[in-house]
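Undergrad: Please find one structure pasted underneath; my questions will follow.
The values are calculated or read from the model by the stated rules, or taken from the named source; none is laboratory data. If you're wondering where the values come from, they're calculated on a predicted model, not measured in any experiment. Using ideal geometry, Cβ is built from the backbone for each residue, glycine included, and neighbour counts are taken over all protein chains shown.
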């Protein structure tokens, strides 16, 4: 049976049972209360009649039954009682609802016990054998201190039922209506619960949660989730490895952890935050904090931290950067080769075959020279791709591009991003300076000596004025919205505890960058 049917059936049966039991108890209490009221009414009426002086006096007379019968008939018509009996002290009826029984003697033990006891007390009993029995009250009658007779008043429960039948029917209709409403509400509740569970059964939810937990546990990225109160509610195995978390950190406040400020800022600003943090394990982590919103997007339920080892991130970026540089190099080569093919085509059409052969030989020699040097001396593919792309761009500008013969760079893990940033910006600045200069010369050198890296970029441009401001953000001689390249280089060199020097004069500009290098062990 599906979950919504189970919920609907269970809640429907529960509410229906409660309503029916409540209805039965209410009706029983109703009858019990009315029964008590009837007993009190019968008792009060019997006492009132027994205290009538005319009744007391006539019970002492042999022919007193006539006025007593007449008076009792009047009382019966003016009250809701079903019968009123009056007996003398011997048990003879002075008044009866059946005239033929008037004057007969009653042998009922209940009545005889009252007449013989001479005790001035009122007794109540339930009599009759029908479905709705009667309630009787017997009150002794005294005249001048002596027992002279007995008054019995009776109310039939059937009459009482007739009086309250409409009320019971109305209550029963409301009870039935309440049962149908409860069943309908149970169905709505079950469908609502089913909808909130996306129509899934408990077994399906359990399976999905298991699959999701397995997926999160197998991620290489560390995941940490907090609720809106700032308590850690989940972290995966990678978070244990990267951030040094332990099982007892679950349900603890995030305030005492190194990533607490990132979470706090994310919750306050309600937006994604990216930070580089140093974990307790000594790893530098790339951390991204994502707020978790309600379905409506009005309220923040918590936040999630996705953390990665920055060394791994840089290696991945270096691989992507190398591919990008290769693509740029291919684009530049495509443009360059199209121009050269047009030249070769023109020479052949002019029947200058020797010139065409010499032109092709020169191109091949230059191409083999730069590609061979890069292949032999630059082992880092992303840096080699960058230099090849810049070489092709220099060829487009008709500038001479030289790679220093002493250049050598092994494949250094974790440094490609830094080298590409420095080389890319320095070479790009030099090419922009040499643009339009048909005698432009650009010389590049990359060296590794022990635990140091050295970068050389030299050109024969016009030189740089205002050397004191050259590394400031926004400084540029090439127009507005420029001046970030050298600023970024200086910032990265400082971060790596390196040094950058500049020598410039008309016809000569030389940048030398030195940065220490310690090969990192990648986990």
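Undergrad: I'm told residue 35 meets every condition in (1) farther than 30 Å from residue 192 by Cβ; (2) at pLDDT 80 or above except one. Can you identify the failing condition by its number?
TA: (2)
Undergrad: Here's a check for you: in segment 414-458, which residue that is crowded, with 16+ Cβ neighbours inside 10 Å and part of a loop (DSSP other than H, G, I, E, B) is farthest from the chain's Cα centre (by Cα)?
TA: 440
Undergrad: Mind checking whether some residue in segment 171-192 is more than 21 Å from residue 12 (Cβ to Cβ) and either at pLDDT 75 or above or not in a loop (DSSP other than H, G, I, E, B) (or both)?
TA: Yes, the conditions are met somewhere in segment 171-192.
Undergrad: Okay, moving on. Residue check, residue 220 against (1) exposed (fewer than 15 other Cβ atoms within 10 Å of the Cβ); (2) free of Cβ contacts under 8 Å to residues at least 24 places away in the same chain, all met but one. Which one?
TA: Failing condition for residue 220: (2).
Undergrad: Is it fair to say residue 86 is touching a strand residue (DSSP E or B) at 6+ places or on another chain (Cβ under 6 Å), in the same structural domain as residue 143 (by TED's automatic domain parsing) and part of a helix (DSSP H, G or I)?
TA: No, not satisfied.
Undergrad: So is residue 103 at positive phi and in contact with a strand residue (DSSP E or B) (Cβ under 9 Å, 6 or more places away or on another chain) or not?
TA: When the stated conditions are applied, residue 103 passes them.
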